[in-house]
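Where a number appears in this text, it was derived from the coordinates with a stated rule and is not lab data. Owing to the predicted nature of the structure, the values given are computational and were not obtained by experimental measurement. Every residue, glycine as well, gets a Cβ built from its backbone with ideal geometry; the counts of neighbours run over all protein chains shown.
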Amino acid sequence: MPVIAPSILAADFANLEREVKMINESQADWIHVDVMDGVFVPNISFGIPVIEAIKRHATKPLDVHLMIVQPERYVEAFHKAGAEVLTVHLEASTHLHRTVQHIKSLGMKAGVAINPHTGVSLLKDIIADIDLVCMMSVNPGFGGQKFIENTYDKVAELKSLIAIKESKALIEIDGGVNQNNAKPLLMAGADVLVAGNFVFSSENPKEVIARLKAI
Ligand code: DX5
Ligand code: ZN
């Protein structure tokens, strides 16, 4: 069964408590939390106080996706705010190995995200050290974008790298996930599906989450 992580970026920010409780009551496994700094990506989302507020109501782990430059500066802060999974971008952290070790030393799961143009082979020397690869299937920065089809090939390539390196990393797909691509993604080897607009723009988000979970 896939891990389902609804992305809070697509939620109604004026009703965050209600939205988090909906996720609590649903079959979702994690809550995906997108942090954007307006530098690494062209958009600004929210920061630590909002994550603390989400954490106060959440009964499921927070899967925090940092789309910020020099994420190493904030590893402790996001740990304190309640992140269980902390993902940094390969393109944003110069000393990625050190950042990953720091994340793990605080008891969090360490994730590395790669942009659509970033080759899977660049994960070769970090894959054995990490718990998750967040494979971007859109260019990061906004919800509601169109899924990039080349992702399927990248998932297959990553799956074989994970096997060769005997890594335990989960493959998370982030961006444009919907009813049509969820199944082929899982068949290609994905373990975790992030879904923002597909869940929150529906009239019955809990049912959409249940459908994804049952694929
Ligand atoms: C994009 C974010 C995604 C986004 C996914 O920069 O990292 O997590 O919330 O939203 P959808 O599912 O609407 O593409
Ligand atoms: Zn994300």
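When the residues of segment 4-17 are filtered to those that are more than 14 Å from ligand 2 (Cβ to nearest atom) and in contact (Cβ under 8 Å) with a residue 24 or more places away in the chain, the one that is farthest from Gln145 (Cα to Cα) is Glu17.
Taken over segment 143-160, the criterion of being surrounded by 18 or more Cβ atoms within 10 Å (Cβ to Cβ) and either among the acidic types (Asp, Glu) or away from ligand 1 (no atom under 15 Å from the Cβ) (or both) is satisfied by Tyr152, Lys154, Val155, Leu158. Within segment 112-130, being of a type outside the set (A, V, I, L, M), more than 12 Å from ligand 1 (Cβ to nearest atom) and within 28 Å of Gly38 (Cβ to Cβ) holds for His117, Thr118, Gly119. The set of residues from segment 101-124 being part of a helix (DSSP H, G or I) and either farther than 15 Å from Arg73 by Cβ or in contact with a Gly (Cβ under 7 Å, 6 or more places away or on another chain) (or both) comprises Gln101, Lys104, Ser105, Val120, Ser121, Leu122, Leu123. Which residue out of Ala53, Ala77 is touching a residue at least 24 places away in the same chain (Cβ under 8 Å), closer than 27 Å to Glu19 by Cβ, surrounded by fewer than 16 Cβ atoms within 10 Å (Cβ to Cβ) and among the aliphatic types (A, V, I, L, M)? The match here is Ala77.
Residue-level analysis places Arg98 among those that are within 27 Å of Val155 (Cα to Cα) and loosely packed, with under 15 Cβ neighbours inside 10 Å.
Here Ala214 fulfils each of the conditions (1) of a type in the set (Gly, Ala, Ser); (2) over 19 Å from Ile8 (Cα atoms); (3) in contact with a His (Cβ under 9 Å, 6 or more places away or on another chain) apart from (3).
The C-beta contact set for segment 139-160 (first residue over 20 Å from Asn180 (Cα atoms) and in contact (Cβ under 8 Å) with a residue 12 or more places away in the chain, second residue more than 16 Å from ligand 1 (Cβ to nearest atom) and part of a helix (DSSP H, G or I), distance under 9 angstrom, 6+ apart or interchain) comprises Glu157/Val120; Glu157/Ser121; Leu158/Val120; Leu158/Leu123; Leu158/Ile127; Lys159/Ala188.
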